[in-house]
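Q: Can you keep this structure in mind? I'll have questions shortly.
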Amino acid sequence: MVLSKSRNYPCMFCGNETGRSHGVFMVGSNSGAPRMSARTQSLSLPTALRDASRTVDEMLESILPAPHGLQARVHEAMRYATFAGGKRLRPFLVLSAAKLFGVAPARAARVAAAIEVLHTYSLVHDDLPCMDDDDLRRGRPTTHIAFDEMTAVLAGDALLTIAFEILARPETHSSAEVRSALVLRLAEAAGSNGMIGGQMIDMQAGQNAFGSDEIIHLQRLKTGQLFEFSCEAGAILGQAKQEDRDRLRSYARDMGLVFQITDDLLDVTSTAEKTGKAVGKDKEQGKATLVAIMGIDGARAEAEKLARRASATLAPYGNAAPELCELPLYLLDRES
Ligand code: IPE
Ligand code: IPE
Ligand code: MG
Ligand code: MG
Ligand code: MG
């Protein structure tokens with residue numbers, strides 16, 4: 001992820017750039033822990049993101065079928081879409097949340113791979129001519145351009161399907177109950193009352209004059225649901241208490257919105273070189289975004305508010321999850 005160098009990234013756990021603490025530590029179990037400087041934290045998050053990316057890529061490499069048989073073309077397209085320089089943010093969330101509950105890294109990496117292929121499927125289909133009609137994704141031609149539309153539809157379908165296969169296999173967790181809880185949550189998050197529901201509303205938004213409540217609802221579905229799964233999955237894998245599941249989900253709910261608002265801001269303020277995808281499309285296609293109704297400054301202020309609330313949600317974990325705590329604020333200045 002490319003970040004602007006122009007700002008500091010104040011962390012709720014370590015005070016803002018003026019040195020004043022937000023007091024979040026006081027609520028957590030590690031309230032007496034020494035505070036890290038914002039500088040230390042800012043340096044560690046990019047490293048953690050890179051590590052997560054490496055971990056999930058290794059897992060994906062071993063899980064995705066090598067092209068073979070008469071169906072090799074679909075395998076090639078699955079790999080093309082997957083190994084194309086995505087930020088791997090959802091895997092990072094799975095791995096970081098799982099760490100909070102002492103989950104074995106190999107198990108968490110499988111769930112990270114499952115959400116990443118499901119997310120990749122959503123992008124392949126999102127880019128199709130019948131949807132957002134995009135030619136560029138992750139810095140290179142979209143799957144239907146590099147292959148053809150029929151192959152892109154099938155590769156997306158196969159990426160969706162393999163996500164559930166990964167979760168259901170015994171290597172993901174020895175408990176069938178945990179595996180089935182993961183499958184259930186991913187089905188809910190990805191389905192017609194989750195990401196697909198959001199995509200449906202998004203595609204029809206041009207015909208509606210949505211206000212901020214409807215836009216927030218659509219974005220919580222189309223983008224937020226996969227983030228909610230990613231964070232909650234760590235707690236499911238760790239067989240954590242319901243309150244932990246709820247807390248991580250609530251963090252992801254705000255953070256997912258921050259992510260989509262910044263995606264919409266980048267569509268207006270960034271370039272295709274930086275984002276790896278076409279910009280200026282939302283206005284052209286009449287997409288309902290907070291940027292469209294609140295303007296750049298209004299949307300950014302809303303994102304900042306949500307980012308602070310997301311970080312504060314994790315206060316009960318003290319400094320056990322610094323990267324998760326810092327991420328929403330860091331996202332505000334992302335450039336890709
Ligand atoms: C793009 O997601 C789709 C949205 C939800 C806005 P990302 O920006 O995480 O895409 P990659 O995985 O890094 O390509
Ligand atoms: C896509 O939202 C969300 C999903 C793929 C579910 P966008 O249409 O805004 O994402 P980009 O800008 O094409 O990445
Ligand atoms: Mg779209
Ligand atoms: Mg799109
Ligand atoms: Mg977008």
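Q: Using 1/(1 + (r/R0)^6) with R0 = 35 angstrom and r between the beta carbons of Asp51 and Glu284, what's the FRET efficiency to the nearest 0.05?
A: With a Förster radius of 35 Å, E is 0.40.
Q: While we're here: Using the Karplus curve 6.51 cos²θ - 1.76 cosθ + 1.60 with θ = phi - 60°, what ³J(HN,Hα) values do you get for each residue of the range 127-132, in whole Hz, with x for Gly and Pro?
A: Those phi angles translate into 7, 4, x, 7, 10, 7 Hz.
Q: Remind me, relative contact order of the chain in percent, using alpha carbon pairs under 8 angstrom and six or more residues apart?
A: 24
Q: Continuing with this model, one more query. Per 0.36 nm of contour for each residue apart, how much would the distance between Met150 and Ala72 grow if the chain were fully extended, relative to their Cα-Cα spacing?
A: The span from Met150 to Ala72 would gain 26.7 nm if fully extended.
Q: Let me ask something else. May I ask which of Lys241/Lys287; Lys99/Lys277; Lys222/Lys281; Lys274/Lys305; Lys277/Lys305 have a Cα-Cα span longer than 29 Å here?
A: Lys241/Lys287; Lys99/Lys277
Q: Please turn the phi angles of the range 274-288 into ³J(HN,Hα) values with the Karplus equation 6.51 cos²θ - 1.76 cosθ + 1.60 (θ = phi - 60°), one per residue in order, whole Hz, x for glycine and proline.
A: 6, 8, x, 8, 4, 10, x, 7, 5, 5, 4, 9, x, 5, 8
Q: Next up: Just the number, please: Stokes-Einstein D of the range 223-298 in µm²/s, Kirkwood Rh from C-alpha pairs, 20 °C, 1.002 mPa s.
A: D = 154 µm²/s.
Q: Mind checking which helices in the chain clear 18 Å along their axis (Cα) and have mean Kyte-Doolittle hydropathy of -0.5 or more, DSSP H runs only?
A: 38-63, 105-126, 149-168, 176-190, 290-313
Q: Given the range 155-247, report the % of alpha carbon pairs whose separation exceeds 19 Å.
A: Taking all Cα-Cα pairs of the range 155-247, the fraction more than 19 Å apart is 48 percent.
Q: Give me the Debye-computed log₁₀ of I(q)/I(0) at q = 0.20 Å⁻¹ for the range 258-303, equal point scatterers on Cα only, no solvent, two decimals.
A: Reported log10 I(q)/I(0), two decimals: -0.57.
Q: PRE reach from Gln207 (point 7 Å along Cα→Cβ): which of the range 130-145 fall under 12 Å by backbone N?
A: No residues fall inside that zone.
Q: Mind checking the dipole of the chain: about its Cα centre, +1 per Lys or Arg Cβ, -1 per Asp or Glu Cβ, Debye to the nearest 20?
A: Dipole size: approximately 1120 debye.
Q: Now for a different question. Rounded to two decimal places and with Rh computed the Kirkwood way over Cα pairs, what is Rg over Rh for the range 64-185?
A: Using Cα coordinates only, the ratio equals 1.01.
Q: Quick one: compute a quarter of the convex hull surface over the Cα atoms of the range 12-331 and quote it in nm².
A: Projected over every direction and averaged, the Cα hull of the range 12-331 covers 16.1 nm².
Q: Enter the per residue convex hull volume of the range 165-309, computed from alpha-carbon coordinates, in Å³ rounded to the nearest integer.
A: Measuring per residue, one finds 125 Å³ for the Cα hull of the range 165-309.
Q: Arranged from highest to lowest average of other beta-carbon atoms within 10 Å per residue, in what order do the peptides 82-95, 148-161 appear?
A: In descending order of packing, they fall as 82-95, 148-161.
Throughout, read-outs are computed from the coordinates displayed, never taken from laboratory work. Just so it is clear, the structure is predicted and the values come from calculations on it, not from any experiment. Glycine also receives a Cβ, built like all others from the backbone with ideal geometry; neighbour counts cover every protein chain displayed.
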